[in-house]
Amino acid sequence: MQILWFVLGVVVLAVLWAVYAYNRFVTLRFRSHEALSDIDVQLKRRFDLIPNLIEAVKGYMAHEKSVLENVTRARTEAMGASGSALDHADKDNMLTSALKSLFAVSENYPDLKANTNFVELQRELADTENKIQAARRFYNSTVMALNTMVDSFPANFIASLFKFSKEKFFQIDSAAEREPVKVKF
């Protein structure tokens with residue numbers, strides 16, 4: 001009789017652990033999707049700020065037309081990128097490079113740097129860049145937890161049974177693209 005209770009107890013504990021592991025996988029999967037959505041929200045905020053920034057700069061930088069066109073083109077391509085936020089990384093990096101060029105050229109225009117609208121837009125863009133970075137870190141930490149659980153014993157049995165799979169980390173391939181947009185006042 002005692003052996004029956006012991007076996008029943010072990011079975012109940014195994015079932016409870018399996019339910020816990022399954023629910024943990026579901027939670028991590030939804031958190032990773034939420035984190036990708038947060039990245040998209042911040043990228044959208046950045047996309048919305050850029051036309052205002054270009055308008056503020058146009059009057060001062062008439063002969064720097066190619067820089068403005070590059071920012072506009074990169075923004076359009078980044079907004080039109082299809083797929084997940086991870087698929088947008090290349091286009092987003094092109095936009096970041098174009099913005100770096102814009103801010104570098106703006107250093108040559110003291111009147112522009114004194115324009116309160118331009119300064120405020122730069123501040124908001126810098127704030128948005130920080131939020132994008134935080135959203136990417138949150139996504140990667142969630143993916144790390146999910147991937148660790150998918151590979152860990154004995155949770156890997158639950159992962160394979162219910163087809164939970166690893167997610168890809170959000171990463172940038174080239175060293176130049178890893179540099180943040182520098183906003184100088």
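Bear in mind these aren't lab numbers, they're just calculated from the coordinates by the rules spelled out. Since this is a predicted model, take the numbers as computed values, not measurements. Here Cβ is always computed from backbone atoms with ideal geometry, including for glycine, and neighbour counts include all displayed protein chains.
Couplings 3J(HN,Hα) of region 88-96, computed from phi: 7, 4, 4, 5, 5, 5, 5, 5, 4 Hz, in residue order, whole Hz [Karplus 6.51 cos²θ - 1.76 cosθ + 1.60, θ = phi - 60°; x for Gly and Pro].
Placing a pseudo-label 7 Å from each Cα along the Cα-to-Cβ vector at V19 and A145 gives an inter-label distance of 2.1 nm. Modelled spin-label separation between S101 and K168, with each label point placed 7 Å from Cα along the Cα-to-Cβ direction: 2.6 nm. Note that region 69-79 has calculated 3J(HN,Hα) couplings of 5, 5, 5, 4, 5, 5, 5, 4, 5, 5, 5 Hz, one per residue in order, obtained from phi through the Karplus relation 6.51 cos²θ - 1.76 cosθ + 1.60 (θ = phi - 60°); glycine and proline are x. Taking other C-beta atoms within 10 angstrom as a stand-in for reagent exposure, L16, L68, L53 fall in the order L16, L68, L53, fewest first. Neighbour counts of other Cβ atoms within 10 Å put E107, E167, E129 in the fewest-to-most order E107, E129, E167.
Residue by residue, region 131-140 carries 3J(HN,Hα) couplings of 5, 4, 4, 5, 5, 5, 5, 4, 4, 5 Hz when phi is fed to the Karplus relation 6.51 cos²θ - 1.76 cosθ + 1.60 (θ = phi - 60°); x denotes Gly or Pro. Pairs K100/K163; K131/K166; K58/K168: which are spaced more than 32 Å apart, C-alpha to C-alpha? Result: K100/K163; K58/K168 exceed 32 Å.
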